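Just so it is clear, none of the values below were taken in a lab; they were calculated from the coordinates. Note that the structure is a prediction, hence the values are computed from the model and not measured. With ideal geometry, Cβ positions are generated from the backbone for all residues, glycine too; neighbour counts draw on all protein chains shown.
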Amino acid sequence: MPTPKLKPSKTSDRGRKGTSSIFGISYQLLLATAVLLVAVLAFIDPHFLTNGPPSRYALCSHEGNKIYTVDADNSQVECIVISGSYVADRGSLGIFSLPHA
């Protein structure tokens, strides 16, 4: 039995060369979007591109004294202040109250 001949496709390959895509979005468009996103984030927050957290920051519990420390007199606190790699201070927000969700 002779092998059937395949007919050429009626769709053209013109315009398809080098336009690979993910979910119908070209790689070039994805790359341009990623570069633009990083540029916008760097403009809005200059520290976005730096390594690591800021040298000083505070961590607070949303639910009151829920941060456990190794201090025998004050073993649970609402907030701690970090300076570099050390706990610089601990305590409460005091008169401020956070709304509970």
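Computed from phi, the 3J(HN,Hα) profile of region 26-32 under the Karplus parametrisation 6.51, -1.76, 1.60 (θ = phi - 60°) reads 5, 4, 4, 5, 4, 5, 4 Hz, with x in place of Gly and Pro.
Local charge for ILE80 was computed over the other residues whose Cβ lies under 10 Å away, with Lys and Arg +1 and Asp and Glu -1, and equals -1.
Amide H contacts of ILE67: VAL77, each under 5 Å away and 5 or more positions distant or on a separate chain (H built 1.01 Å from N in the peptide plane; Pro and chain starts excluded).
Under 5 Å between amide hydrogens, built in the peptide plane, is the criterion, and for ALA58 it picks out ILE82 among residues at least 5 positions away or on other chains.
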